[in-house]
1. Can you report the principal axis dimensions of segment 2-192 using only the alpha carbons, biggest first, rounded to whole angstrom?
2. Taking every alpha carbon pair in segment 115-204, what does the distance histogram look like in 5 angstrom bins from 0, in percent?
3. Can you give me the distance in nm between label points at GLU16 and LEU131, each placed 7 Å from the Cα along the Cα-to-Cβ direction?
Amino acid sequence: MRRNVEVKARLRAREEALRAALRLRGLGPVGQVCPVCPGAGQGPPQVCPGAGQVLLQTDTFFRVPRGRLKLRRTQDGRGELIFYERPDSAGPKLSRFSITPTADPEGLQAVLSQSLGVLGTVRKERLLFLLGQTRLHLDRVQGLGDFLELEVVLRPEQSEEDGQRLARELLRELGIGEQDLISGAYLDLLLAQGDNGDTPLSQPPAGHGQQG
């Protein structure tokens, strides 16, 4: 299985986080309207000038005896079946995962739904930045709001502690405090408020996109 170190945090101000991410990329201020700002999600996915690609993602979670299994569908009609195991704790933690692509996500979802049962669905717009070996996600999650997620992709020679150190350094540079960190998955937050995410909006939320 592949490994990374992950951490999620609530965002108080998404544009501030975007500006900080651009600064870390050495790009300075945004300087113009970004696709994650007002009007996002109303046209085709774009590339933020000098920054990251906007990804529209729908994750369906299935009932499994351990870990988490989800089918991710993207705006291009493709999909990925993702299994992962990680502690449900705040702060940077190790995640072990496997990903298998599929060209028939609808058919695969039907089979998995019938055989395993569905826990719920998470719909989000993700703005992806690549910062060295770290994937930085600015997520706008339907029914929940705005979040930041870091995935430090570990090299074979690196330890969990190496990844945690890199993640914490980035959190400090982004101005994210311990009080903003969350545990679990987005689905857990939806279920906690009595929403399994299975009722889509009639149109995508304004500002809507490897593990989440």
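Every read-out reported here was derived from the displayed coordinates using simple, explicitly stated rules and does not represent laboratory data. Not measured: the values here are computed from a predicted model. Every residue, glycine among them, receives a Cβ derived from its backbone with ideal geometry; neighbour counts consider all protein chains shown.
1. The Cα atoms of segment 2-192 stretch 49, 41, 32 Å along their principal axes.
2. 3, 11, 19, 20, 17, 13, 11, 5, 1, 0
3. The modelled label-to-label distance comes out at 1.6 nm.
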